[in-house]
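Okay, so here's the structure we're looking at.
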Amino acid sequence: MSEAEDFARLMRELKERGGLSYGVLARRLHTSTSTLHRYCSGDALPAEFAVVDRFARACGASAAEAVDLHRAWLLADARRRAGATAPRPAPEPVQAVAAESDREPEPVAAEPAVVVGSATAAGPRARPSWYRRRAGAVAAAGLAAGAVAVALLAVTGPDPGAPSAGAGTGGGAGARGPSGPASAGQPPAEAGAAPPESAVGSEPGSEPGPARPSVPEGGPATAPAPSSAPPPGRAPAAPLKAAVRSHVWAAGCDHAYLTERGPGSVAPPPVEADAPAWASAQRAVHAGSQIVEVTLHGTGGGAVVLEGLEVRVGARRTPPAWNVYQMSQGCGGGLTPAAFAVNLDAPRPLARPVAGSDGGSRQPAPAFPLRVSAAEPVVLRVEATTTGCDCDWSLDLRWTSPADSGTLRIDDGGRPLRTSAATGRPVYGYALEQGRWAR
């Protein structure tokens, strides 16, 4: 029995014992019934452990059963990612994230402070008449193991004797000093994005950072080990590790992309976890809105204080007259996480805290300062929207530690994030019964 089949078997056993229907469980997991059915049949794998955690809780799983389910998901996810390392036919590189190692994370010493959410999205949301729930399955790709460690805390609870979540290798993080801010994100953005100008993604006088490996989103990306002392003229490295996800979909399924290709040349929509590879192959950019999630871990023994986010728009262009392709399967749920909302059309965009809700319960808006350490990771969720520009943008995260202070650049591995307005563009959705894109 394969790892994926073993994971699906455990899900089916928990569901049957819990006595809940697929419809009831899907609503509690904030996903679609067809997607949950594919998880339980082994046709697809959840892209993130948070879905598995909610499933175990909804079915009344014990702590031991939840750990067994988590272990099975880790093994299946590792097998899936191992099979995804074969060369892709698309010439463009696939985005990567700074990630933890692929080992199974152990419980950490403290409950994490998680700040997530979404804001009101702009862009096309109309549902064409052909609209149907998608039943096709595409294998789900894995998340960074650092983010998985955050979810594991909710299942096993704190264990004072366990090692901290910051253990392991991951993408490096830099500080801003006289040489400018360092970059912590994914290597190249969508293949359709224009190469950034020299002033985008860095400040005047900054020096280019080391090259980062190109791997699928969620795969490992190890930065060069820092030297014992920073070179002359450079600020010390930030005591943070960052994993950036720039293809986060609302409710895990609702998003739209722009591409200049016609409907006959665009591949069927992927699941969320495969979106970076799909967007790279289709030379697509985010349409109307973009959600970015950043998971931060401390790398030292002490805590780091996150002081605030600054939005930097490096370029504004006229939105391209391309087609819009909707990814939505008609999913949705009662979860609207809190977030930092960014209006890219503003002369000086700000990251504004926005409250969320979960099943009618209000989630407070995120607020700085925030404390992060190796044992207390933090997840920042930012949703940027635009109705009037094709924007290149990035975020500067200000931090302070007992020894130093600086700024961590959040972008796509040295390239800016890219979000384009899509108002008035032709909108296509995938008609499953016809096997093609249609308006």
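Couple of notes before you dig in:
- Coupling constants for the range 291-306 follow from the phi torsions by the Karplus curve (6.51 cos²θ - 1.76 cosθ + 1.60, θ = phi - 60°), and in residue order they are 9, 10, 10, 10, 9, 10, 10, x, 10, x, x, x, 9, 10, 9, 8 Hz; glycine and proline get x.
- 5 angstrom amide H check on Val271, placed H, neighbours 5+ away: Val138
- Built amide H within the under 5 Å cut-off of Gln363, gap 5+: Gly356, Ser357, Asp358
- Residues whose placed amide H lies under 5 Å from that of Ala421, excluding near-sequence neighbours: Gly288, Gly388, Cys389, Asp390, Cys391
- From phi via Karplus (6.51, -1.76, 1.60), per-residue ³J(HN,Hα) for the range 336-347 in Hz, x at Gly/Pro: 10, x, 6, 7, 9, 9, 10, 9, 5, 7, 5, x
- Remark: the range 64-81, residue by residue, has Karplus-estimated 3J(HN,Hα) of 5, 5, 5, 5, 4, 5, 5, 4, 5, 5, 4, 5, 5, 5, 5, 5, 4, 5 Hz, where x stands for each Gly or Pro and the curve is 6.51 cos²θ - 1.76 cosθ + 1.60 at θ = phi - 60°.
- Spin-label model distance (nm) - Val24 vs Ala321, 7 Å beyond Cα toward Cβ: 5.4
- Debye, to nearest 20: dipole size of the range 1-83, +1 on Lys, Arg Cβ, -1 on Asp, Glu Cβ: 240
- Contour minus Cα-Cα distance for Arg12 and Thr423 (0.36 nm per residue): 143.6 nm
- Between the beta carbons of Ser357 and Ala403, assuming R0 = 45 Å, the FRET efficiency works out to 0.70 to the nearest 0.05.
- Relative contact order (%) - the range 295-439, alpha-carbon pairs under 8 angstrom, separation at least six: 34
Readers should treat all values here as calculations from the given coordinates under stated rules, not as data from a laboratory. Small disclaimer: the values here were computed from a predicted structure and weren't measured. Backbone-built Cβ (ideal geometry, glycine too); neighbour counts: all protein chains shown.
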